Amino acid sequence: MKKYVQKLTVTLLLTLVGGMNAWAQGNRSYTLVYKNVEYPLDYNSSKQRWEKTGLSMKKFDEFWLLDEERNMLVGKDFSGSEDTDNFLTKETNQSKAVANLGSNFVIGATGDNLTIAFAPSTLTVEGLPTTKYTLSKGGEFIRVNNRNYYLDVTVDQETATSSNGYQFTIIDESGITYGIGTDGSSEVTNENNIFSLSCSEYATVTPLTIRKAGKYTFSINLGNPRSPSLKVEKVTEFYFCEPGVDEIPNKYTIFTNNQDGTYSYSKRITRAMVSKNYFRFCFSDSDTGGNYYGVPEDKVEISETNHENIPLSIGGYVLQIPVFKAGNYNFVIDNRSNTPLLNVDIDLFAYYLYVPDENGSPYYDGFTDNKDGTYSLHLAVTSTMVSGGPFTFLLSDYEDNVYGATQMYQIDEAVIYGSIMPTGAWSNHMFEILNPGNYTFVIIDQNGGDPMLKVEKEGGIAASVQGIPTFQDNHIIYNLNGQRVKQTHKGIYVVNGKKIVVK
């Protein structure tokens, strides 16, 4: 009985499998209709699909399928809309085949030895080359997805202003040229143009023309394969250029795009940089030296009274802009009008932490200008920084003057408070931090006297200095807020640069 059941089960399975294969292939048949010629599709049992191999087709060739009842099966994409993904390329070579809806299937590129495969309702084209688009001036478009391609192009001033301007067409992988139809405008006039491209296979095309220098992004969209759209966007970038050999700028640093039509770049200009009469700069729209921006005459210089709404010239021979005084400068280019304007925020008074690195060269950390006569900086001193001895430092200002202490200070758990003075060079009057921790530095530069420095280890305890001196009229006394006082009460004061505690 058991063997009979097994035999029956095997027989049923074979019957079912045979029935499924018969159902899959059944009496169904499909025919490829291409250039008014019918090609029967062969059934591939291993892949369970109908297919036709060895086809050679050119770009834009159309075809459709007939079923055994002579119903026309045409294209419909997977999202349900028609005439979209029916444009079959190597990147997207599948489409739904439905009865009497949509449009014919369209080949996206010229290819030889193609295979048209149909496995229920899904049609695939195999062997197509990758779709490519190339600018006639050079440069291949980058594919973003199945329909969109882009290419960045820089047009220099000389080419843009020539008699013909910057003229270009677009060529695909099949050698077909795209441009503007004879009835369309062929000139890029604004910063954001959209063109419907014509194909040389159907009509005569006209090159597009750009007459304004700058960086552009070309974007191709294949929503309509026979007439793709081209979006031309002008991309503005600015680079800060410093003079180099033979007065040619050789250092480029990009501005920050503020996304509101302005571009900003901050730079610290030191006394050493202006020591050779002045520091000069200009701008460029390319990091390799494209179009230069400068001033139209040599009367323009950056100063405290001349730093707003300076018109910039572009291209040709432009003059670099001089800066005569050290300080912190924030350069802002306003590109919202036809003529870019330069505005400069000037902070001539600044302080920096001045610390030697392992090679003996100083590095800087900038203090924050609190706009009330004080400057602050937070410093985290690590165990590594004090492992080889105290962490030593001086201070410097915007003119690279070096400041030290009036006496050697060792900073441990204490609040250190005292005058700082120019030293001219590295000296024994450096500050020393003995232990790791978080420290707050405050420079008080008020009342026209020597700046004062307050260093506090967060969570530390103020050091105590015993004794109450006899104050005389010639003593200079400050409280811990950096204010000069004539009388003392209970608390901590700085008298003639020395800290004392009044109890």
*Members of the range 268-297 that are open to solvent by less than 20 Å² (accessible area, probe 1.4 Å) and free of Cβ contacts under 8 Å to residues at least 40 places away in the same chain*: Gly294, Val295
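For Thr217, state whether it is crowded, with 18+ Cβ neighbours inside 10 Å and touching a Leu at 6+ places or on another chain (Cβ under 8 Å). Give the steps one after another, and end with the answer.
Numbers: crowded, with 18+ Cβ neighbours inside 10 Å: no; touching a Leu at 6+ places or on another chain (Cβ under 8 Å): yes.
No, not satisfied.
Looking at Tyr202, Tyr178, Tyr216, Tyr265, can you tell me which residue is without any contact (Cβ under 8 Å) to a residue 60 or more places away in the chain and either at positive phi or in a strand (DSSP E or B) (or both)?
On the way: Tyr202 fails: either at positive phi or in a strand (DSSP E or B) (or both); Tyr216 fails: without any contact (Cβ under 8 Å) to a residue 60 or more places away in the chain; Tyr265 fails: without any contact (Cβ under 8 Å) to a residue 60 or more places away in the chain.
Of Tyr202, Tyr178, Tyr216, Tyr265, the one residue that is without any contact (Cβ under 8 Å) to a residue 60 or more places away in the chain and either at positive phi or in a strand (DSSP E or B) (or both) is Tyr178.
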_If I ask for residues that are open to solvent by less than 60 Å² (accessible area, probe 1.4 Å), polar (S, T, N, Q) and over 16 Å from the mean Cα position of the chain (by Cα), which ones from the range 226-255 would you list?_
Ser227, Ser229
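Does at least one position in the range 436-458 carry a residue that is in a loop (DSSP other than H, G, I, E, B), over 23 Å from Leu348 (Cα atoms) and at pLDDT 80 or above? First the steps, then the outcome.
In the first step, residues of the range 436-458 are kept if they are in a loop (DSSP other than H, G, I, E, B); the result is 436, 445-451, 458.
Adding the requirement that they be over 23 Å from Leu348 (Cα atoms) leaves 436, 458.
Keeping just the survivors that are at pLDDT 80 or above gives 436.
Yes.
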*Test Gly179 against the criterion of being under 17 Å from Asn291 (Cβ atoms) and surrounded by 18 or more Cβ atoms within 10 Å (Cβ to Cβ), and give yes or no.*
no
*Residues of the range 256-267 classified as more than 17 Å from Ser284 (Cβ to Cβ) and open to solvent by 60 Å² or more (accessible area, probe 1.4 Å), total*: 4
*Name the pairs whose Cβ atoms lie under 9 Å apart, with the first residue in the range 49-65 and among the hydroxyl-bearing types (Ser, Thr, Tyr), the second assigned to a strand (DSSP E or B) and open to solvent by less than 10 Å² (accessible area, probe 1.4 Å), and 6 or more positions between them or separate chains?*
Thr53/Leu114; Thr53/Ile116; Thr53/Ala117; Ser56/Gly111; Ser56/Leu114
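Being without any contact (Cβ under 8 Å) to a residue 24 or more places away in the chain and surrounded by 15 or more Cβ atoms within 10 Å (Cβ to Cβ) is true for just one of Gly127, Gly138. Which residue is that? So that I can check it myself, show each step before the final result.
Working: Gly138 fails: surrounded by 15 or more Cβ atoms within 10 Å (Cβ to Cβ).
Result: Gly127 is the single residue among Gly127, Gly138 that is without any contact (Cβ under 8 Å) to a residue 24 or more places away in the chain and surrounded by 15 or more Cβ atoms within 10 Å (Cβ to Cβ).
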*Would you mind stating whether Ser185 is open to solvent by 50 Å² or more (accessible area, probe 1.4 Å), in a loop (DSSP other than H, G, I, E, B) and small (Gly, Ala, Ser)?*
yes
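The values are calculated or read from the model by the stated rules, or taken from the named source; none is laboratory data. Keep in mind that what you see is a predicted model, and the values were worked out from it rather than measured. In this analysis, Cβ positions are derived from the backbone assuming ideal geometry, glycine residues included, and neighbour counts consider all displayed protein chains. To get the accessible areas, we keep the full protein, side chains included, count just its heavy atoms, and leave off ligands, DNA and RNA. Shrake-Rupley method; radii C 1.70, N 1.55, O 1.52, S 1.80 Å.
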